[in-house]
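J.: I'd like to ask you about the structure that follows.
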Amino acid sequence: MSKKDKVLLVLPNSRWHERRPWRIANNAAFVLTAILKHDFDFEILDANGEDLEMDQVRDRIRAISPDAVLVSAVSLEYSRQTHTTFALAREAKPGVLTVVGGPYASLMPKRVMQDPNITYCFLGHAEHRLDDFMKLALAGDEEGIRKTEGIAYRDEGTVRVVPPPCNVVQIKKKYGLDLTHPDYSAFDLTPYLDQEHIDFMANGPGKTFMLMSSRGCPHNCSFCANKITQGRGIAYYDPHRILEDIDYLIARYDINHLIFIDDLFLYDRERVEIIIRGIGERRKNNPKLTWHHANVSAWHLDPPLLALMRETGCSKIIISIESGSPRVLKELIRKPFKLDIVPKVVKMCRDAGMDIGANFVLGMPGETWEEIRQTFRFAEEMDIDLCHFHIATPQPGTDLYHMANDQGLLPPDFSFTDERFFGYGEGFIATDEFTPTELKVLRAYEWDRINFKTPEKCAKVAEMYMLSPAGLEEHRRQTRRKLGLHHNEDETGRNRIRA
């Protein structure tokens, strides 16, 4: 038997360069495990989960001596970490084949390929493509590589970008192929299971895991980059295999809270009922098992479904309302959402005894100051347990970016990799109606006014943030003083303000 090429997937440490920790276990690692483990000597170096220093990563790569180093770049916020990793790889083993994939690679391939430490940029989904590509790349088959769709490479100093053959949500329709089901066996999830932090969308009691049961969304929201990286539509993992994954997580890690991070988890009613009824069955032996979905499509909710969700351990509802202005929702954001749904959903949650949170977006091109104020009024009138307000931030290739850029609303030095860009708290779009500074100040102070009107609301927010009363007061104080531009985490990724 011939020796297999050694392929190393490195997950950069998100804390490098003084960034906030990325708490979600990289789903690409599980998919790549399933794709590559049969034909290659495949290994994962999780610098993020192990909180490794740069020199430790370099030394580990040198000791492993891989034939190829891969990085799945999760977002623009961590682009520096991606490039640092490839510099370390080339320092550890000069000339090693290096390949970058993930959202950053798909959205900005030409910028990615400016890095001389990167051999190839792999665009789009890895399913049914990456295995063959890696064989060509490791064999040095340049002719075969140039015939490959969905990559970027250098050709005598010029970066060539070849689009993928289709998006991940189209592979079933185009090729009759299913999504590659994630394989968790090569990855230690332990560092990602403590989610007792302040992000109410992504926190959970005890050992918590974020699970993806589908990919993509059929809608056309103007600010969303997922339709570029995933495509418009939904591709599903087998719901029965998702339940098998949950069994594995419970048996291997004693998981007691699940967070579904699908873009549109509730879209297929029959399928979602299979999953949540299955969770309900598992609660018979694990009564502490709970779950929630990080971004509920409120228009799919009705009393029977909400009752089933509550019965099977759903602990809270988080909806993205986006705006209190019907015009902004319809014409500027293009979200398939009507505001008259919200009072009904709030009442259903109250009746079911469930917490409810909501997200809003401010500062769309064409939005008026009065419409921004209308959003705050609407949020206050709905009496939601906890509201978060985000500033509209352009992502590469999105309609929001094109609207802002075409209208000359972005600063001359605007860059997608500007560190001020990250976190949706610092605005860049300026119009005759608002400036970034006005949005930043308004956002911070209205967040404080709306969410903390009574002692009862303060207590509820503290519970949803998983903070003590003293910790909550300090968070409010720092938010006002820093206008929301802080992450409140120490070197371990825990909240500094935890009491």
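The values are calculated or read from the model by the stated rules, or taken from the named source; none is laboratory data. If you're wondering where the values come from, they're calculated on a predicted model, not measured in any experiment. Cβ atoms come from the backbone with ideal geometry, glycine included; neighbour counts cover every protein chain shown. The accessibility values were calculated without ligands, DNA or RNA, using every heavy atom of the protein model including side chains. Shrake-Rupley method; radii C 1.70, N 1.55, O 1.52, S 1.80 Å.
J.: What is the packing order of peptides 463-474, 9-20, taking the mean over residues of other C-beta atoms within 10 Å and listing the highest first?
T.: 9-20, 463-474
J.: Take every Cα pair under 8 Å in the chain that's 6+ residues apart, average their separations, divide by the length, and report that relative contact order as a whole percent.
T.: Details: 873 pairs, mean separation 52.5, N = 499.
Result for the chain is 11 percent.
J.: Turning to a different aspect of this structure: Between A470 and H38, how many nm apart are label points set 7 Å from Cα along the C-beta direction?
T.: Each label point lies 7 Å from its Cα, and together they span 5.7 nm.
J.: Still on this structure: Note down the relative contact order for region 13-61 as a percent, whole number, built from C-alpha pairs under 8 angstrom at least six residues apart. Walk me through the numbers before you get to the answer.
T.: Numbers: 23 pairs, mean separation 22.1, N = 49.
Reported relative contact order: 45 percent.
J.: I've got another one for you. What is the extension gain from R269 to R377, computed as 0.36 nm multiplied by their sequence separation minus the C-alpha to C-alpha distance, in nm to one decimal?
T.: Working: separation 108, 0.36 × 108 = 38.88 nm, distance 3.27 nm.
Full-extension gain reported as 35.6 nm.
J.: Counting only helical runs of four or more DSSP H residues, what would the 222 nm mean residue ellipticity of the chain come to if each run contributes -39,500 (n - 2.57) and the total is spread over all its residues?
T.: Value at 222 nm, helices only: -11000 deg cm²/dmol.
J.: Please compute the length gained on full extension between A251 and E419, using 0.36 nm multiplied by the number of residues separating them and subtracting their Cα-Cα distance. Mind dumping the intermediate values first?
T.: Values: separation 168, 0.36 × 168 = 60.48 nm, distance 4.03 nm.
Taking 0.36 nm per residue and subtracting the Cα distance, the gain is 56.5 nm.
J.: Please list, in order along region 170-185, the HN-Hα scalar couplings obtained from phi with the Karplus expression 6.51 cos²θ - 1.76 cosθ + 1.60 (θ = phi - 60°), rounded to whole Hz, x for Gly and Pro.
T.: These are the phi-based 3J(HN,Hα) values: 9, 5, 5, 5, 7, 10, x, 9, 8, 4, 6, 6, x, 10, 8, 5 Hz.
J.: Within the chain, which cysteines find no other Cys whose Cβ is under 4.7 angstrom from their own?
T.: C121, C166, C217, C314, C349, C387, C458
J.: A further question on this structure: List the equivalent ellipsoid semi-axes of the chain in whole Å, largest first, each obtained as the square root of 5λ for an eigenvalue λ of the Cα gyration tensor.
T.: 37, 27, 23
J.: Can you give the convex hull volume per residue for the Cα atoms of region 182-329, as a whole number of Å³? Each step should come with its number before you reach the end.
T.: Values: hull volume 18.7 nm³, N = 148.
Looking at region 182-329, the number lands at 126 Å³ per residue.
J.: Using only protein heavy atoms and a 1.4 Å probe, report how much of C217 is accessible, in Å² to the nearest 10.
T.: Result for C217: roughly 30 Å² accessible.
J.: Let me ask something additional. Which residues does a label at D155 reach in region 80-109, if reach means a backbone N under 18 Å from a point 7 Å past the Cα toward the Cβ?
T.: 109
J.: Note the direction-averaged projected area, equal to a quarter of the hull surface, for the Cα convex hull of region 134-222, in nm². Walk me through the numbers on the way to the answer.
T.: Details: hull surface 42.0 nm².
For region 134-222, averaging the hull's shadow over all directions gives 10.5 nm².
J.: About the Cα centre of the chain, how large is the charge dipole given +1 on each Lys and Arg Cβ and -1 on each Asp and Glu Cβ? Please answer in debye to the nearest 20.
T.: Details: 65 positive and 73 negative charges, 100 e Å.
Its charge dipole is roughly 480 debye.
J.: How high is the FRET efficiency from N220 to N27, r the C-beta distance, R0 22 Å, rounded to 0.05? Walk me through the numbers on the way to the answer.
T.: Working: r = 24 Å, r/R0 = 1.07.
Efficiency at R0 = 22 Å is approximately 0.40.
J.: Would you mind computing Rg(Cα) / (2.2 N^0.38 Å) for region 221-272, counting N as its residues?
T.: On the way: Rg = 13.9 Å, N = 52, 2.2 N^0.38 = 9.9 Å.
Relative to the rule-of-thumb radius for its length, region 221-272 sits at 1.41.
J.: Same structure, new question: Using only alpha-carbon positions, what ratio does the radius of gyration of region 78-235 give when scaled by 2.2 N^0.38 Å?
T.: Numbers: Rg = 17.7 Å, N = 158, 2.2 N^0.38 = 15.1 Å.
For region 78-235, the normalised Cα radius of gyration is 1.18.
J.: While we're looking at this one, here's another question. Percent antiparallel among DSSP beta bridges with both residues in the chain, to the nearest 5?
T.: On the way: 11 of 51 bridges.
Of those bridges, close to 20 percent are antiparallel.
J.: Further, regarding this structure: Where only protein heavy atoms count, and the probe is 1.4 Å, what is the accessible area per residue for region 177-293 in Å²? All intermediate terms of the calculation are to be shown ahead of the outcome.
T.: Values: 4650 Å² over 117 residues.
So region 177-293 comes to 40 Å² accessible per residue, rounded to a whole number.
J.: In nm, what is the difference between 0.36 nm times the number of residues separating N405 and D194 and their Cα-Cα distance?
T.: Roughly 71.9 nm would be gained on extension.
J.: Still on this structure: So who's got an amide H within less than 5 Å of the one on D194, skipping anything under 5 residues away but keeping other chains? H placed 1.01 Å off N, in plane.
T.: Answer set, sorted by chain and number: T208.
J.: Next question, about the same structure. Give me log10 I(q)/I(0) at q = 0.11 Å⁻¹ for region 247-384, Debye formula, one equal scatterer per alpha-carbon, no solvent.
T.: Debye intensities relative to I(0), on a log10 scale: -0.46.
J.: First compute the accessible area of region 437-478 with a 1.4 Å probe, then give the percent of it belonging to carbon and sulfur atoms.
T.: On the way: 1100 of 1880 Å².
It is 58 percent, rounded to a whole number.
J.: Quick one: order F30, F414 from most to least accessible surface, probe 1.4 Å.
T.: On the way: F30 5, F414 40 Å².
Sorted descending by solvent-accessible area, the residues read F414, F30.
J.: Would you pull out the residues with amide H under 5 Å of C217's amide H, same chain only if 5 or more places away, H placed 1.01 Å from N?
T.: Here G233 satisfy the definition.
J.: Could you derive backbone 3J(HN,Hα) for region 114-125 from the dihedral phi with the Karplus parameters 6.51, -1.76 and 1.60 (θ = phi - 60°), listing whole Hz in sequence and x where the residue is Gly or Pro?
T.: 6, 7, x, 7, 10, 7, 9, 10, 9, 9, x, 6
J.: Give the Rg/Rh ratio for region 324-365, taking Rg as the radius of gyration of the Cα atoms and Rh as the Kirkwood radius, to two decimals.
T.: Values: Rg = 12.4 Å, Rh = 11.7 Å.
Here Rg/Rh amounts to 1.06.
J.: Right, something else. Before I look further, what does region 413-469 give for accessible area per residue, probe 1.4 Å, in whole square angstrom? Intermediate values should be presented prior to the final figure.
T.: Numbers: 2600 Å² over 57 residues.
Per-residue accessible area for region 413-469 comes out at 46 Å².
J.: Right, next: Residues with amide H under 5 Å of S75's amide H, sequence separation 5 or more or different chain, H placed in the peptide plane at 1.01 Å from N; which?
T.: Amide H neighbours of S75, under 5 Å, 5+ apart: Y104.
J.: Kindly express, to the nearest 10 degrees and within the range 0 to 90, the angle between helix 130-139's C-alpha long axis and the longest C-alpha principal axis of the chain.
T.: Once rounded, one gets 30 degrees.
J.: How large is ³J(HN,Hα), in whole Hz, for each residue of region 336-343 in order, when computed from phi with the Karplus curve 6.51 cos²θ - 1.76 cosθ + 1.60 and θ = phi - 60°, using x for Gly and Pro?
T.: Along region 336-343, the couplings run x, 9, 10, 5, 5, 6, 4, x Hz.
J.: What is the Cα centroid distance between region 1-55 and region 221-262, reported in whole angstrom?
T.: What the calculation gives is 19 Å, centre to centre.
J.: Between their Cα atoms, which of K284/K460; K173/K330; K440/K460; K6/K288; K207/K347 are more than 32 Å away from each other?
T.: Values: K284/K460 28 Å; K173/K330 30 Å; K440/K460 25 Å; K6/K288 42 Å; K207/K347 30 Å.
Among K284/K460; K173/K330; K440/K460; K6/K288; K207/K347, the Cα-Cα distance tops 32 Å for K6/K288.
J.: Give the cross-link partners of K457 among the aspartates and glutamates, using a straight C-alpha distance below 18 Å as the criterion and excluding same-chain residues fewer than 8 apart.
T.: Once the sequence-local aspartates and glutamates are set aside, what remains near K457 is D199, D351, D355, E380, E381, D383, D385, E446, D448, E473, E474.
J.: Calculate the spin-label point distance for K288 paired with D432, positioning each point 7 Å from the Cα along the beta-carbon direction, and give it in nanometres.
T.: Inter-label distance under the simple model: 6.0 nm.
J.: In addition: Keeping the other protein chains in place, figure out the carbon and sulfur percent of the accessible area of region 281-342, with a 1.4 Å probe. Could the numbers behind the result be given before it?
T.: On the way: 1360 of 2630 Å².
Exposed carbon and sulfur together represent 52 percent of the surface.
J.: Let me ask something else. For the Cα atoms of the chain, what angle does the longest principal axis make with the long axis of helix 27-36, in degrees from 0 to 90, nearest 10?
T.: That helix lies at roughly 30 degrees to the long axis.
J.: Given a 1.4 Å probe and every protein chain left where it sits, what share in percent of the accessible area of region 83-137 is carbon and sulfur?
T.: The computed percentage sits at 55.
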